[in-house]
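A short worksheet on the structure shown next.
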Amino acid sequence: EFIFQNSNLPSKEELLKWINNNHNNDSFFILEMELISIAALNLYLQLNYTGPTLEETSKRRHLQDTDYDAFDDVVFAIMKNDDNDTKFHNAVLSELVVEGEWPCQVCLIPYWLWISRSFLSYIVETRFSYPCQVWSLRAAVSHTRLLLNSIPSPTSLWEEIRTGFMKALTYYCQDLKDHPSSEGQVFEEEDQDKYEIVSSLLLEWGLAQHYLHRPGMGRLSFVQAKFYSGLRVELTGSMGKRTKFQQTSLAQLKLEARNTRRRGGKKASSEAEDEKKVTDVAAEPIAKDIRVEHPEDTILFEKIKYDEDESDNSLSVLDQCILMAFCLDVKNTNPNKDVLTAEEMGAYLGRVLTHLDDTNNNNNDWMLYATALLERAWLEFQSSHARERALLQIQALLDQHTNRLSITQSTYDSVQKESSPVQERLRHLHKIVYPPRWYMIADTAERYAALGIVTSAAELFQEVEMWDQVVECYRRAGKETLATQIVEKQLAIPNNETPRMWAALGDLTNDPQYYHKALALSHGRFSSAWVALGKRSFDKGELKDAKDFYQKALALRPLAPTVWFRLGAIGMQLREWSLALEAFSHVVQQEPAEGDAWANIAAIHMHRKQPAQAYPALVESLKQNRNNWRVWHSKLYTCIDLQKYDEAVQACHVMMDLQSSRSKANIQPLEEHCVRAIIGGTFKNLLQNETQRVEKDESTCRSMTRVHDLLNRLSTQPPVEPWVYECQALVASQLSHQEEVILEQLRREYRSLQAVPGRWEKDRIQKLVRVVSQMSRFYLFSPADTSNKSKREKLVKCRFLVRGLVSKLRKLETYTEEDEIQKLETILNQVQTEQDKIEDEEKSQESG
């Protein structure tokens, strides 16, 4: 009434205001709203998930009520309006935007989802009922799946779904009496129904967590659903054969599943009979035409042939849905494209398909069967023997969305008579993970492209308006300009423009005006256009403009870690450290495994002279990438500032490991002042213990040993700098090593100083004089010498050492400083004095 009399789409607020003003107290109207909401949601799901497509010739004329005929007319009028008026379609999508995340552009009639969400949320808020709450949650989950790139999930949707499921589960679990898992326990019909409702709710709650990418991906809820349903599942092994030419049976992974519950009471009929009563309109066995079998020339059996006969344990549709949920959990918690993952998933799928293929079982469901076939096809696509069957199977499942004839729907009967009716397709859709139509098309296109069928892939990508992939496929086919022509042709059609299409043309032509057109069409709510403008400005070096564009994009869609990272990088370049810190903090909150963001947070704190705040960020960064030498270099400086000298030594060792395993030109070598700071800090701790009359504890001794080992390693990796030998001599003296060890390090330092190429500058001369002075003190005042002969030999060595350096210094033409030579001559005088003392002692001994 209100909706269809307005030429423009009313907002949700306007719609609810009209309801309050006109029908707030009308209970019949509220009931009618609820029924229309559920019908609208089912229409949306039929068009976008289950199929078949709606056509005006498919009206249900067997319902003679004029109100239903009028509703049919409204349905097809809205479909016609949406098909012909892209502006109306975009207006609906803009109302479904959540936190700046634009819905899928190619979804069919999102208006029905908007109606369902608006009405159901109003009813839940004003006249709460738990069945209506469940349907509202289903509409919210469908809304979540409509959003593209919803990782991480929108916070508002997550809170709405989480709160709703908690309320519903609390209500339905409050009256449960008996334990649901006793073997062979008989349940009254009423109690059994309660357990099934709780199990179904838990299953849907787990799938909602999967769609929203929450931690655990719903595994706990799947386990609870299995518990309340009475299902028993066991992965085991059984001997069997996979191929036609296999002579010997081998162990095969197998899933055994059975339900331990039994119904009691007057209504002890089977679930199959109950299902049949609901579907008397079209109660036919599940159609097998959507299944594609292996060609005759393949070596594989259609399914594994076990040596033992399979036990006949009939499962309900709910039990089969739970098995499919556990198959999904295996996929979520294990590596993709892994053989073991595929084997375990195959066991679950084999159990479900075996049950569905059995003609004696009536507990079958069309969409459950399609889901199992699709999952099996995805697994088989990785196998060279089954890839052809897998691709045909995916195409067959894709064709069931439509009523048109195709290679897998080649006759009128296969389309109209042998396919499952829509009410059967929708019945258990919320308990399984069946992808939407646009995802199926995109997935099929990706598999075509992987096989080199790029032109067909481009046509499928074009159907779902994935223009980047269209460009790539046509580029591989040698048709680079065709993609641009296609987009321009689509935009030339009146009322056919969409924000995503204008943005795609902007990507193809690098013209910013098209991004502005996308923003104008979406009333400034198409965040991808703001991101594209920000990237363009960043590439041009216009950092302030890029910052503004990115901030506008993030205001619409804050859950975009890539955009936050770019904004943080811009903040660092503009030296706006608070902005950069806030941006990178958002990145690590949304993507804790983003090591570069942690490293940038540490860099900001280091720039602010805050090593205590930088340290934990560096630790988190290295958890994600231990091979980033720049982060290790930053940690080295931070640990020195925080006096964590043991960790500083570890950082030095890791940097040396990376330097030896990679090109040395790319990794900065250890700096002298860093190593000296580690040595000085370790000595300082040692002296503090001695000053406070504290014995050397084990940690201090270990620290000194680690420093000594680090210097030994530095001395074995050429080229060795002279300061390494100086530090070795210093540490050796502190560790009370023999004087010969200390002298050997000083000799190495002396030789390396002389071998350094280039002119002898003042700094090098001073170092040489210092080393010679230190060596001379060992020669002159060695306490280990007891004989005059040993003393005389050392004095001779000292004289030659000092005279040699004096001679070299005097030969330098540019050397004018006499202070250093005077120091050396003083040492020579001391040597002469010591020699005279020895001679006097010897003479006195002889005369005595």
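The values are calculated or read from the model by the stated rules, or taken from the named source; none is laboratory data. All values derive from a computational prediction rather than experimental measurement. Here the Cβ is made from the backbone with ideal geometry for all residues, glycine too, and neighbour counts use every protein chain on show. We work out accessible area using only protein heavy atoms, side chains counted, and drop any ligands, DNA or RNA first. Shrake-Rupley method; radii C 1.70, N 1.55, O 1.52, S 1.80 Å.
Annotations for the structure displayed:
- Members of the range 739-779 that are open to solvent by 30 Å² or more (accessible area, probe 1.4 Å), over 22 Å from GLU818 (Cβ atoms) and not charged (D, E, K, R): VAL741, ALA755, VAL756, PRO757, GLY758, PHE778
- Residues of the range 664-671 include none that is surrounded by fewer than 17 Cβ atoms within 10 Å (Cβ to Cβ), in a helix (DSSP H, G or I), at pLDDT below 90 and acidic (Asp, Glu).
- Extreme residue, nearest to the chain's Cα centre (by Cα), among residues of the range 419-456 that are of a type in the set (S, T, N, Q) and part of a helix (DSSP H, G or I): THR444
- For the range 200-240, the candidate set comprises residues that are of a type in the set (S, T, N, Q) and more than 27 Å from the chain's Cα centre (by Cα); within that set, the residue that is most open to solvent (accessible area, probe 1.4 Å) is THR236.
- Pick from the range 518-542, criterion in contact (Cβ under 8 Å) with a residue 40 or more places away in the chain and assigned to a helix (DSSP H, G or I), ranking: farthest from GLU95 (Cα to Cα): SER528
- Considering residues of the range 374-398 that are open to solvent by 10 Å² or more (accessible area, probe 1.4 Å) and of a type in the set (A, V, I, L, M, F, W, C) only, the residue nearest to TRP438 (Cα to Cα): LEU398
- Single unsatisfied condition, ALA553 versus (1) free of Cβ contacts under 8 Å to residues at least 60 places away in the same chain; (2) open to solvent by less than 50 Å² (accessible area, probe 1.4 Å); (3) of a type in the set (A, V, I, L, M); (4) over 30 Å from LYS635 (Cα atoms): (1)
- Within the range 528-544, the set of residues being modelled with pLDDT of 90 or more and small (Gly, Ala, Ser) comprises ALA529, ALA532, GLY534, SER537, GLY541.
- Residues of the range 464-496 that turn out to be in a helix (DSSP H, G or I) and open to solvent by less than 70 Å² (accessible area, probe 1.4 Å), as a count: 13
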